[in-house]
Structure formats: structure tokens, C-alpha cells
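Trainee: First, the structure itself, so that you have it in front of you.
The values are calculated or read from the model by the stated rules, or taken from the named source; none is laboratory data. Quantities reported herein were computed from a predicted structural model and do not represent experimental measurements. Note that we place each Cβ from the backbone using ideal geometry, even for glycine, and neighbour counts take in every protein chain shown. Side chains are part of the model used for accessible areas, which takes the heavy atoms of the whole protein and leaves out ligands, DNA and RNA. Shrake-Rupley method; radii C 1.70, N 1.55, O 1.52, S 1.80 Å.
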Amino acid sequence: MKITLLVISKTDEKYLQEGIDVYVKRLSHYIPFELDVIPALKDLKGVSPEEIKEREAALILKRIEKSDCVVLLDEHGKQPTSVGFSEYLQKKMNQGIRQLTFVVGGAFGFAPSVYKAAQDKISLSPMTFNHQ
């Protein structure tokens, strides 16, 4: 199984990017892993949050294959414990999933089309964090 973390917007802070690079390298020793960054949209003055979500959705859906198991990192998703999350990953491996894609949306969340394409939603915390 390969895991991809698909995110909207890159990390701007150098020290955070260095930390991300360390964890990507660590993960890659255990499982094929890729961080796929979709650049933030530009020229959004006067564009509604719904339109932004739709534009981001088009970019997200381009990167997802029909055969992927897509999991949204979403505030309304299940909140597993660390053990629960590891059991979730093991279950996906046992099911023969070839591509597991976790998706982090933009500042306004996901468009309905992205929710429709997903098989699951997970929340990593009841708190909302910025993308940095």
C-alpha cells in the first residue's frame, strides 16, 4: 500500500518544512509515502468561499484516481486514538488497498464533490489548525 498526503497550500516556514522533510523520510522507511502539495489559489479577491472550494475541488479531484481510497482530514470525521489510527491503517492494508490518500482541504474546507469522492473522514483533533 502507498500512502499519499494531498494538501492545499505549501508550508512557508523553513523550520516547519525541515520538520516535515524529517517525518517524510522516516515514514518512507516503513511504507511508500508521498506528500503532494497543491499550490494555493491566486487572485482570490472578491471570490466567494464556495467558489474557492469548487476551484480547489477541481484540483484535488484531478489528483485522485477512482481506485484510490480517499480519506478527508475533516473536523467532522471520526477521532481515533493513536492505537485506533494504527488499527485503521492495518485494516486498510489487510483489505488490499493499493493507494490510500489523505486529503487536507483549504481554509474553507471541502466542496460537496470532494466529500462525494471520499470513502472516509478522520479528525486529528477537535481543534482547527492552520496549514502551517
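Trainee: Can you compute the FRET efficiency between Ile31 and Tyr115 using 1/(1 + (r/R0)^6), with r the Cβ-Cβ distance and R0 = 22 Å? Round to the nearest 0.05.
Mentor: Computed FRET efficiency for Ile31 and Tyr115 comes out at 0.25.
Trainee: Per q in 0.13, 0.19, 0.23 Å⁻¹, report the Debye log10 I(q)/I(0) for the chain, using one uniform scatterer on each alpha carbon and no solvent.
Mentor: Once normalised to I(0) and log-transformed, intensities are -0.57, -1.25, -1.67.
Trainee: Just to be sure I understand the model, the point goes 7 Å from the Cα along the line to the Cβ. What's the resulting Asp21 to Ala58 distance in nm?
Mentor: Result: 3.4 nm between the two label points.
Trainee: Mind putting a number on the dipole of the chain about its Cα centre? Charges go on the C-beta only, +1 for Lys and Arg and -1 for Asp and Glu, and I need it in Debye to the nearest 20.
Mentor: Magnitude of the dipole: close to 340 debye.
Trainee: Sticking with this one: Regarding the range 66-132, what is the average projected area of its C-alpha convex hull, in nm²?
Mentor: For the Cα atoms of the range 66-132, the hull's average projected area reads 5.0 nm².
Trainee: Using a 1.4 angstrom probe on the protein heavy atoms only, line up Val71, Val47 by accessible area, largest first.
Mentor: Result, largest first: Val47, Val71.
Trainee: Counting only heavy atoms of the protein chains, get the accessible area per residue of the chain (1.4 Å probe) and round it to a whole Å² value.
Mentor: Dividing the accessible area of the chain by its residue count gives 68 Å².
Trainee: Further question on the same structure: Any idea of Met93's accessible area? Nearest 10 Å², probe 1.4 Å.
Mentor: 80 Å²
Trainee: Within the accessible area of the range 22-115, what % is carbon and sulfur when the probe is 1.4 Å and the other protein chains stay in place?
Mentor: Of all accessible area on the range 22-115, carbon and sulfur atoms account for 55 percent.
Trainee: Taking every pair of Cα atoms in the range 37-81, average 1/r, invert it to obtain the Kirkwood radius, and report Rg/Rh to two decimals.
Mentor: In the range 37-81, Rg relative to Rh is 1.05.
Trainee: Shifting gears a bit: How high is the relative contact order of the chain? Use alpha-carbon pairs under 8 Å, at least six apart in sequence, and give a whole percent.
Mentor: Dividing the mean separation by the residue count of the chain yields 39 percent.
Trainee: Mind checking the range 59-102 for GluC sites (Glu not before Pro) that DSSP puts in a loop (not H, G, I, E or B) and that have at most 14 other Cβ atoms within 10 Å?
Mentor: Those satisfying the criteria are Glu65.
Trainee: Follow-up. Using DSSP to call loops (not H, G, I, E or B), can you name the trypsin sites (Lys or Arg not before Pro) in the range 17-80 whose Cβ has at most 11 other Cβ atoms within 10 angstrom?
Mentor: Those that pass, being in a loop and sparsely packed, are Lys42, Lys45, Lys66.
Trainee: I would also like to ask the following. Under the rule of -39500 (n - 2.57) per DSSP H run of 4 or more residues, summed and divided by the residues of the chain, what mean residue ellipticity at 222 nm is obtained, to the nearest 500 deg cm²/dmol?
Mentor: That comes out to -11500 deg cm²/dmol.
Trainee: Give me the percent relative contact order of the range 4-50, please, defined on Cα pairs under 8 angstrom at least 6 residues apart.
Mentor: Result for the range 4-50 is 56 percent.
Trainee: Can you tell me what share of the DSSP beta bridges in the chain is antiparallel? A percent to the nearest 5 is fine.
Mentor: Restricted to the chain, the bridges split so that about 5 percent are antiparallel.
Trainee: Another question about this same structure. For Arg98 and Ser123, what does the FRET efficiency come to when R0 = 25 Å and r is the distance between their Cβ atoms, rounded to the nearest 0.05?
Mentor: The calculated FRET efficiency here is 0.50.
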